[in-house]
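Contents: one structure, followed by commentary.
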Amino acid sequence: LNRSLRDCDQLILTSRTDEFAAAVAEADDVVSGAAVVEPESITPFAAAAYLTLCLRRPISQGWADLIELLRTKKAPALAEVLSVPLGLWLTRAVYIDARPRPDPQRLLAPELGTVGALRAHLFEYLVPALLGPRDPSHPTAEHLRPRRNWEPDAARRWLALLAAYFVPPGEPDPQGRPGQRDAQGEIAWWRLGARVFDQRSLIQ
């Protein structure tokens, strides 16, 4: 990057913190003239403010109670999940944008009292939440919308099949072949198509 960028060029580079530090140590160099910004965790108050902005008025009592618990730091597991952008997005997708909209008090259920349980719960309901309110669009319309209706259970099965091929290096995939990760453990997505889809499935 230092050799290829000119003085007037602009660049935004994003990375995980540990991986960026490792790259700097390995190269024994940094991006010249760059400012490094590391985001802080989202506070419970900020998360509550964001969710409030996403909700339609009037805000239901269930949401009002949950937001008050966040603001007063009385929902620690939920606050931890919402401390990163992914957690905020998952909560919005599953509990605000989904149709029908679930009762937010479910997020405070005793069985979801840990960070792991809450995240697993949000991921479990993410696929139907995303597919439900998104009507198919014409190919010339919004490119992020589906071209036809998809059943959540069918989409979940396909995603599970794809995930099964993303096994760690050295471990076999469902057909006994090397998993779809490179030597560093990153997903080798460019090799996935050749492994999963045969010529017949492509024609269909």
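The values are calculated or read from the model by the stated rules, or taken from the named source; none is laboratory data. Computed from a predicted model, the values in this text were never measured in an experiment. Reconstructed Cβ throughout: ideal geometry from the backbone, glycine too, with neighbour counts over all protein chains shown. Ligands, DNA and RNA are excluded from the accessible area calculation, which covers all protein heavy atoms including side chains. Shrake-Rupley method; radii C 1.70, N 1.55, O 1.52, S 1.80 Å.
Let's see how each residue does on (1) touching a Ser or Thr at 6+ places or on another chain (Cβ under 9 Å); (2) over 22 Å from Thr91 (Cα atoms); (3) among the polar types (S, T, N, Q):
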| site | (1), (2), (3) |
| --- | --- |
| Ile12 | no, yes, no |
| Thr17 | no, yes, yes |
| Ala23 | yes, yes, no |
| Asp29 | no, yes, no |
| Thr43 | yes, no, yes |
| Ala47 | yes, no, no |
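Being among the charged types (D, E, K, R) and within 22 Å of Gly132 (Cβ to Cβ) narrows it down to one residue among Asp28, Asp9, Asp97, Asp65; which is it? Sole residue among the options that is among the charged types (D, E, K, R) and within 22 Å of Gly132 (Cβ to Cβ): Asp97.
Of the residues Leu118, Leu66, Leu86, the single one that is more than 26 Å from Arg16 (Cα to Cα) and either open to solvent by 20 Å² or more (accessible area, probe 1.4 Å) or assigned to a helix (DSSP H, G or I) (or both) is Leu66.
To keep it simple, each residue is scored yes or no on (1) open to solvent by less than 60 Å² (accessible area, probe 1.4 Å); (2) closer than 26 Å to Pro104 by Cβ; (3) not in a helix (DSSP H, G or I).
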position: Leu1; (1), (2), (3): no, no, yes
position: Asp7; (1), (2), (3): no, no, yes
position: Ile12; (1), (2), (3): no, no, yes
position: Ala23; (1), (2), (3): yes, no, no
position: Glu38; (1), (2), (3): no, no, yes
position: Ser41; (1), (2), (3): no, yes, yes
position: Thr52; (1), (2), (3): yes, yes, no
position: Lys73; (1), (2), (3): no, yes, yes
position: Glu80; (1), (2), (3): no, yes, no
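Hey, could you check the range 26-67 for residues that are among the acidic types (Asp, Glu) and in contact with a helix residue (DSSP H, G or I) (Cβ under 8 Å, 6 or more places away or on another chain) and say which is nearest to Pro100 (Cα to Cα)? Applying the filter and picking the extreme gives Asp65.
Hey, any hits in the range 92-105 for a residue that's in a loop (DSSP other than H, G, I, E, B), modelled with pLDDT of 65 or more and either over 30 Å from Ile59 (Cα atoms) or hydroxyl-bearing (Ser, Thr, Tyr) (or both)? Checking the range 92-105: not a single residue is in a loop (DSSP other than H, G, I, E, B), modelled with pLDDT of 65 or more and either over 30 Å from Ile59 (Cα atoms) or hydroxyl-bearing (Ser, Thr, Tyr) (or both).
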